[in-house]
Amino acid sequence: MKVLIIKRKLIKTILIIMPILILIVIGLSINRNKSYQTISPINLSKNIQFDLTGDGQNDSIELVKRYNAFDLNITYHNNSIYLSNKIKDNILFTLNDHWPPKIYLNDISRDITPEIIVQGSKNNSSMCYVFNWHEGEFFNVYSSDKNIFGILDSKNTKTPQCYSVSSSKGISSLNSFMLINNKLLDTTKENFDLPSLGNVTAFINLVETPYELKDLPDIFCTSINSTELPILWNLNKEIYSYSFQDAFFYDYEWDSSADPTSLKWRLTFEKSKLNGDENDKEEIIFYLDCKLENSLYKISSLQKLK
Ligand SMILES: [Ca+2]
Ligand SMILES: [Ca+2]
């Protein structure tokens, strides 16, 4: 009789605890998805440490102003290097208040150590570099003056591919590569298209147009949150003008053939006061989500920072 009561109690306890455990697991997985889906560069104002050399020891990246230019200083294994020493003219980026450098870490070569992707401006034009750690040294494996850079197959079963493209020249300027065994493999001849580029380019044009449009082009998903589109009518274009600077993107959901179904974009624009002087400029940032809808990649979410 006693054994039966204990068994009942045990079953009761399990019935109470199980749903709680399931809820905790679901909650954790949602949180993991959330943090995974943010598309933010490294916050250089905080002293955040990363292992850039794959030895389990944290290293640090610091943005510094040096010789009238922006430089990146990396401290690792008691060494310290400037990434500008790894490129031809020794200037990563020129100083620019409304177009500061952004750093993204992503393991493009899938060897545990992240590649360092840096976007910024040199004499008011975009510049992008990829640095890779290999055999005890940092190397500049890729440089481009195109203003859009991103990664497809970023976290699926395929090898990640990087893409760069000029927003003004469009798809004909598309360039792509993979990093295989720390060597760059040019895949440009195999890639003719970039999912969501068409509608993101239309979005860039929409923001740059010097007046507010009455009707929006057909680039948004019907499911887009109704609070998000009004952002486009609140840009005060009678006072400000907008000029696209650069963008970074990656894919984060795929279909059964590992083709992307969802992509995230981060776009920066120069916001200038009409009739203002050179100092009346600032950077504004848009976050876009693009989803495959009826075989088109449409914008499913739009957010503005600043
Ligand atoms: Ca390290
Ligand atoms: Ca790597």
Just for the Cα atoms in the chain, what are the lengths along the principal axes, largest first, rounded to whole Å?
88, 57, 40
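About the Cα centre of the chain, how large is the charge dipole given +1 on each Lys and Arg Cβ and -1 on each Asp and Glu Cβ? Please answer in debye to the nearest 20.
1540 debye
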222 nm [θ] for the chain, helices only, -39500 (n - 2.57) per DSSP H run of 4+, per residue, to 500?
-5500 deg cm²/dmol
Placing one equal point scatterer on each C-alpha of the range 197-305 and summing with Debye, one gets log10 I(q)/I(0) at q = 0.14, 0.18 Å⁻¹ equal to -0.58, -0.89
Once you have the Cα-Cα distance between residue 259 and residue 224, take 0.36 nm times their residue separation minus that, and quote the gain in nm to one decimal.
10.4 nm
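Pop the C-beta distance of residue 294 and residue 155 into the FRET formula with R0 = 25 Å and round what comes out to the nearest 0.05.
Taking R0 as 25 Å, the efficiency between residue 294 and residue 155 is 0.50.
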Which of the peptides 122-128, 56-62 is most tightly packed, and how do the rest follow, judged by the mean count of other Cβ atoms within 10 Å per residue?
122-128, 56-62
Output wanted: per-residue J couplings in Hz (rounded whole) for the range 77-89, from phi through Karplus 6.51 cos²θ - 1.76 cosθ + 1.60, θ = phi - 60°, x for Gly and Pro.
6, 6, 9, 9, 9, 9, 5, 4, 5, 9, 10, 4, 8
Among 270, 283, 228: highest mean-square fluctuation, GNM of the chain, C-alpha pairs under 10 Å
228
Which of these, 45, 154, 167, has the largest mean-square fluctuation under a Gaussian network model of the chain (Cα springs below 10 Å)?
45
Cα-projected label distance for residue 306 with residue 180, points at 7 Å along beta-carbon direction, nm
4.1 nm
How many angstrom separate the Cα center of the range 284-306 from the Cα center of the range 187-222?
10 Å
Would you mind checking the range 288-306 for residues with the amide N under 13 Å from a putative spin-label position 7 Å along Cα→C-beta of residue 282?
305-306
With +1 at each Lys and Arg Cβ and -1 at each Asp and Glu Cβ, the charge dipole magnitude of the range 170-306 around its Cα centre, to the nearest 20 debye, comes out at 120 debye
Hey, rough spin-label estimate for residue 202 and residue 124, points 7 angstrom out along Cα→Cβ, what's it come to in nanometres?
3.1 nm
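Using Stokes-Einstein with the Kirkwood hydrodynamic radius over Cα pairs, what translational diffusion coefficient do you get for the range 213-274 at 10 °C and a viscosity of 1.306 mPa s, in µm²/s rounded to a whole number?
110 µm²/s
Computed from the coordinates by the stated procedures, all read-outs in this text should not be read as laboratory data. In this text, all values refer to a predicted model and were calculated from it rather than measured experimentally. So basically every Cβ, Gly included, is an ideal-geometry build from the backbone, and we count neighbours across all protein chains shown.
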